Every structure is written in structure tokens, then in C-alpha cells.
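To keep things clear, I will list the structure first and then write my remarks on it.
The values are calculated or read from the model by the stated rules, or taken from the named source; none is laboratory data. In this text the structure is predicted, and so the values were computed from the model without any measurement. In this analysis, Cβ positions are derived from the backbone assuming ideal geometry, glycine residues included, and neighbour counts consider all displayed protein chains. Heavy atoms of the whole protein, side chains included, go into the accessibility calculation; ligands, DNA and RNA do not. Shrake-Rupley method; radii C 1.70, N 1.55, O 1.52, S 1.80 Å.
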Amino acid sequence: MIKPFLEISIERTLEEELSKLEMLKKIGKAFKLLYKKDPEIVDLGDKSFIRINFESKNDFEKIYEKSFSFYVFIFENFIDNNLEFQSIFHEKGGNLDNSIENYLVLRYKTNTINPIKHYFGFTTKVNKIFGAEVINEELHDGYLRFLQTKEDFETLLTPGDIREGWEEFFKIKKIDLDHPQIKEFFKVIEKWEELF
């Protein structure tokens, strides 16, 4: 049986201070923090990539199921019926502008596409609500992920299922942590952390 793998590479970027390899190392560190998987950095110069090998299809599906379950919980328990919370992010921007060149384009390549397909379809809705300027384009063996701004890259690196990750996310977005809606959001995060 062929074991699943995931490779993440940088197709192109406008970043001038960090090398592609340094950016990949940041992505790898975030991946390890969130999914507890050790990514291997394959350094091929301009064609470098991160590779994560999985023991089984079930092992691979778990990494996306965890995030998917978290967002379903957040939507059902807070976001779906809270337009005031959603409006916080729309005031800060979050409108894709196709005339602007993307800050970063990531390539996700795998031999097990369905878990990613299921998850990235859902993240389109998540991205829109949280003001991220990110879109995904499906390929036959993975996805291209277009991040329009550096802020989108920075928020991608924050762990999305723990309070500290969300605190960092809101700081990057320049959203006041003392905003009443953000305080309510953190109460829901606390419920999630108690359950899991």
C-alpha cells in the first residue's frame, strides 16, 4: 500500500526579506505545532519544498479532520448566528483584488487528494468570514493556494485551535482583544479546549 504524503512548495512570492527556504521553515514549524507531524525540508534551492509522510490514509485524514471539526464547532456555536462578529473583519478589509499580484502562491501536492479537497472547500468560507484574502485552486494532484497579502501568510502560521493562536491572529489583523465580540469568541474557544 502506498503511504500518503504532502508536499508544500512556493510557486512564487513578492517577499524580499526572507528567502523561500526561510519561509518554508516557518510553514514547517507551524505545521508541526498544529498537527504534531515532523515535516522534512528538502533544500533544492529555488525548488525547495516541505514533505510530510504519513503512516496511513487515516493518519493523513486526521490532520485535516481536526481543523475541520474545530471550525464546524466554532460556526455552530458562535459564528453562524453572529453577524456583529463577522462585521469586525469586513471593516478591516478582506476583499480580494484580482488586479493585485499575490504576495505568495503555495503549491500543495499529494497522492491522497480527498481530505484536502474536503478541507480546502470549507476554508473558502472560513477565509471570507475572517477577512483573509486567500483562494484555493484545485489541481489534479493537489492545490494552489493564493495569499494576496503578507498578513495572510502571517495568519496562516498561527495555530487555529488554541487560544494563543487566535490571540496572535487578532493581533496580526489589528483587532482589539478587548472587543466584546472577541471576548465572546474566546469563551467559545475555551469550551472547545475543555471538550478536546
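State the percentage of accessible surface on region 5-194 attributable to carbon and sulfur atoms; use a 1.4 Å probe and exclude ligands, DNA and RNA.
Of the solvent-accessible surface of region 5-194, carbon and sulfur hold 48 percent.
Mind pulling the angle between the C-alpha long axis of helix 163-172 and the longest principal axis of the chain? Nearest 10 degrees, somewhere in 0 to 90.
The answer is roughly 90 degrees.
Which of the residue pairs 25/117; 57/128; 109/174; 62/173 have a Cα-Cα distance greater than 27 Å in the structure shown?
Beyond 27 Å: 57/128; 109/174; 62/173.
Cα to Cα, under 18 Å, and not fewer than 8 places away if on the same chain: which aspartates and glutamates meet these conditions relative to residue 36?
Within the straight-line limit of under 18 Å, residue 36 reaches these aspartates and glutamates: 7, 55, 59, 61, 65, 161, 164, 193.
For residue 82 and residue 138, calculate 0.36 nm times their separation in residues minus their Cα-Cα distance, and state this gained length in nm to one decimal.
So the extension gain works out to 17.1 nm.
Which of 103, 49, 148 sits closest to the plus end of the dipole of the chain, meaning its Cα is farthest towards the positive end, when Lys and Arg get +1 and Asp and Glu get -1 on the C-beta?
49
For the chain, what is the accessible area per residue in Å², given a 1.4 Å probe and the full set of protein chains?
Averaged over the residues of the chain, the accessible area is 55 Å².
Springs between alpha-carbon pairs under 10 angstrom, Gaussian network model over the chain: which of 113, 175, 52 fluctuates most?
Answer for the Gaussian network model of the chain: 175.
Expressed as an acute angle from 0 to 90° and rounded to the nearest 10, what is the orientation of the C-alpha long axis of helix 57-74 relative to the principal long axis of the chain?
20
Would you calculate the separation in nanometres between label points at residue 100 and residue 3, each defined as 7 Å from the Cα along the Cα-to-beta-carbon direction?
The two pseudo-label positions are separated by 4.2 nm.
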